[in-house]
Amino acid sequence: MPKVTVDGQEIQVPDGATVLQACELAGKEIPRFCYHERLSIAGNCRMCLVEVKPGPPKPQASCALPATEGQEIRTDTEMVKTAREGVMEFLLINHPLDCPICDQGGECDLQDQSMAYGRGATRYEENKRAVTEKYMGPLIKTVMTRCIHCTRCVRFSEEIAGVDEIGAVGRGEDMEITTYLEQAAEHELSANVIDLCPVGALTSRPYAFEARPWELKKTLSIDVSDAVGANIRLDSRGREVMRALPRINDDVNEEWISDKARYQVDGLSKRRLDTVFMRKRGKLQAASWDEAFKAIARAKPGKDIAAIAGDMVDCETMFAAKALLKACGSNLIEGRQTGMDYDVSNLAAVNFNSTFAGIETADAILIVGSHIRWEAPLVNVRIRKAVKRGAKVFVIGSRWDTTYPAEFLGEDLSVLSKLPKEAAEAFKGAERPAIVMGGAALAKGALGAGLAFAETYGLAKDGWNGFNVLHFSAARMGGLMLGFAQKGGMKDIAAAKPKVVISLGADEMDFEPFADALKVYIGHHGDRGAHAADIILPGASYAEKDGTYVNTEGRVQFAEKAVFAPGDAREDWTILRALADALKVEVGFDSFAQLQAAMIAEVPALGEEGLADYGALPKADAKTMAEGTISAYPIKDFYLTNPIARASAVMQQCSSELLGSGELAEAAE
């Protein structure tokens, strides 16, 4: 580790570190526009100038200069100060003076750094250049006259997303950043360039002119649009969530989020259930809470009551429902609403065991029945990193557009038991082999064959477990930890013929087998579940309640309440507590703190944020065969996978424009 001196302070820096990183380790702030720690070094804004000895007597770009033994680095000399002022003057030469109407105002790197490092006046008297607007789709608003050519957006698209859709054309003063053929940026992570842009050239189109950052309340939350559990920040004003932004968590989402996580939030205020409804003479009509509870009590469910959890439910709600059913003498609970019935006796067999950070280090990866780009875009980013490091990727299932070289082995699941020669050799020679099993594979009953594959190729060894199941429901792992699963899945629930079925935001389930039951929907949107219900009890969305969520790698995370639910809507656990009184049963809690304490007492792992320990991978019969073909995946439309997204005008527009799905769909369609 080389030793360098920064402004008279001697420090040790890691091998391969740059001078900029050395300065940061010494606690010095270095201005920059083009440099970003997760992107390749471009060295084209020249804002990070420092003075280095030994070396030429001139300022040097610290982001592109390696730190070497014995360097003397100065960040505060008159030469450095003058050089930075000069660079800032050049950057501002063509930048328009439209800060008062720019959406980046208040959180703009150019504003901050021009105040800290710029001159107090300009000497430029020529005409400013102007650039015509570029259309980058329904999510990204462009004002390219503001662009300073830092190329962060270009490098993100090429290096992180793996979709070469943004690039530079022209040279010198005529250089412009644009999408190819000026088409929309069509990938699941496109809006991350808004966060990366250090000026107001790329801003959020749906959020344009909506609010200033200092008006907003900031709440730490968890994304529920998929099972990755990306860390997000919800910015709200009054009772409305205005936007969602990523939070840095290197173990989960780094600092990226999917476009759906970012933009489905406008659906939180549309098509909301804010009144109790009861079906009378075939039509849903407004009613009171008291009427609804009495109607449920009149059904006298006793032990003939079932609860089905949806994809975005928090652990506390599921535990409250389980406590209610237990008090009634029932154990008819299920969270896999689409009908899957895989074995959950050992949760290590249905977990993403290698972790998201770990999958980057795999050197051979087999993807079975998963369209990862749509089911978990941020996991797809991790696999792309593994490929950059030399990993080979093989896919069993129908074709989809990968963002890295991958060999498709066909749709027949029998390939899982007998790999082609090249793939078999890759796995036999791999030090860290991995398999990723998706929802389509689980639906075909291929879990046992996947475990057999792990046994055959030694996926579980000291310090490494390469057996991974990729869920796409935010509630799945939490539900499995709470035992929200039947051995026979939804078939067993239907076979029991319950008198009352409580749907906890379960909008993807088939209600046909429960035609004779009283269907009670506790949810927040007028979606499919509400259309099928006999009684609707308006609940709270993930933004309107505190809650615990467990992602697909078994990571326990806590989300905070950002806003209050609209109208008569209530937090789900309070509805279930009131329902317990109506059914005259004791559930053992009267407050959220008591509910959480009871849940943690039953499942201690849910009380500690971080990875839960599910133990070792179960042994499997190496001769287990998989049958069937994977010709389709569960997610048909990336932008419309849940009731919040289906209520979102932005997500509807993305589906129509980017995926070409045609007319905008109503919630029940």
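Numerical summary
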{"quantity": "Conditions (1) among the aliphatic types (A, V, I, L, M); (2) out of contact with any Leu (no Cβ under 8 Å at 6 or more places or on another chain); (3) buried (at least 21 other Cβ atoms within 10 Å of the Cβ): number failed by ALA227", "calculated": "(2)"}
{"quantity": "Restricting the range 584-623 to residues that are of a type in the set (Phe, Trp, Tyr) and open to solvent by 30 Å² or more (accessible area, probe 1.4 Å), the residue that is nearest to the chain's Cα centre (by Cα)", "calculated": "TYR614"}
{"quantity": "Out of VAL193, VAL199, VAL163, sole residue that is surrounded by fewer than 22 Cβ atoms within 10 Å (Cβ to Cβ), in contact (Cβ under 8 Å) with a residue 24 or more places away in the chain and within 30 Å of ASN127 (Cβ to Cβ)", "calculated": "VAL199"}
{"quantity": "Check on ALA426, assigned to a helix (DSSP H, G or I), within 20 Å of PHE352 (Cα to Cα) and open to solvent by less than 50 Å² (accessible area, probe 1.4 Å)", "calculated": "no"}
{"quantity": "Pairs, first over 30 Å from SER225 (Cα atoms) in the range 283-312, second modelled with pLDDT under 95 and of a type in the set (Lys, Arg), C-beta under 7 Å, six or more apart", "calculated": "ALA299/LYS499; PRO301/LYS499; ASP304/LYS499"}
{"quantity": "Where a residue in the range 379-403 is touching a residue at least 12 places away in the same chain (Cβ under 8 Å) and closer than 17 Å to GLU188 by Cβ and its partner, wherever it lies, is part of a loop (DSSP other than H, G, I, E, B) and among the charged types (D, E, K, R), with Cβ under 6 Å and at least six apart", "calculated": "ARG382/GLU360; LYS385/GLU360"}
{"quantity": "Selected residue (criterion: surrounded by the fewest Cβ atoms within 10 Å (Cβ to Cβ)) from residues of the range 277-320 that are hydrophobic (A, V, I, L, M, F, W, C) and touching a Ser or Thr at 6+ places or on another chain (Cβ under 6 Å)", "calculated": "ALA286"}
{"quantity": "Set GLY86, GLY118, GLY105: member being free of Cβ contacts under 8 Å to residues at least 40 places away in the same chain and closer than 21 Å to THR151 by Cα", "calculated": "GLY86"}
{"quantity": "Selection within the range 355-393 - part of a helix (DSSP H, G or I), out of contact with any Lys or Arg (no Cβ under 7 Å at 6 or more places or on another chain) and farther than 20 Å from GLU158 by Cα", "calculated": "ALA357, GLY358, GLU375"}
{"quantity": "Cβ-Cβ under 7 Å pairs, at least 6 apart or on other chains, the range 436-452 side touching a residue at least 40 places away in the same chain (Cβ under 8 Å) and aromatic (Phe, Trp, Tyr), far side surrounded by fewer than 24 Cβ atoms within 10 Å (Cβ to Cβ) and in a helix (DSSP H, G or I)", "calculated": "none"}
{"quantity": "Hey, GLU455 surrounded by fewer than 20 Cβ atoms within 10 Å (Cβ to Cβ), of a type in the set (Asp, Glu) and within 13 Å of LEU366 (Cβ to Cβ) or not", "calculated": "no"}
{"quantity": "Residues that are under 17 Å from ILE630 (Cβ atoms) and open to solvent by 10 Å² or more (accessible area, probe 1.4 Å), drawn from the range 352-391", "calculated": "HIS371, ARG373, TRP374"}
{"quantity": "Test: residue in the range 78-92 that is part of a loop (DSSP other than H, G, I, E, B) and at pLDDT 90 or above", "calculated": "no"}
{"quantity": "Residue match in the range 408-422 (condition: among the charged types (D, E, K, R) and surrounded by 21 or more Cβ atoms within 10 Å (Cβ to Cβ))", "calculated": "no"}
{"quantity": "Only one of ASP507, ASP516 that is in a loop (DSSP other than H, G, I, E, B) and under 23 Å from GLY267 (Cβ atoms)", "calculated": "ASP507"}
{"quantity": "Top-ranked residue in the range 519-567 [being basic (Lys, Arg) and in contact with a strand residue (DSSP E or B) (Cβ under 9 Å, 6 or more places away or on another chain); ranked as farthest from ASN231 (Cα to Cα)]", "calculated": "LYS519"}
{"quantity": "Candidate set: the range 559-583, residues that are within 25 Å of PHE277 (Cα to Cα) and either acidic (Asp, Glu) or without any contact (Cβ under 8 Å) to a residue 12 or more places away in the chain (or both); chosen: the one least open to solvent (accessible area, probe 1.4 Å)", "calculated": "ASP572"}
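The values are calculated or read from the model by the stated rules, or taken from the named source; none is laboratory data. Note that this is a predicted model, so its numbers are computed, not measured. In this analysis, Cβ positions are derived from the backbone assuming ideal geometry, glycine residues included, and neighbour counts consider all displayed protein chains. Surface accessibility is based on the protein's heavy atoms, side chains included, excluding ligands, DNA and RNA. Shrake-Rupley method; radii C 1.70, N 1.55, O 1.52, S 1.80 Å.
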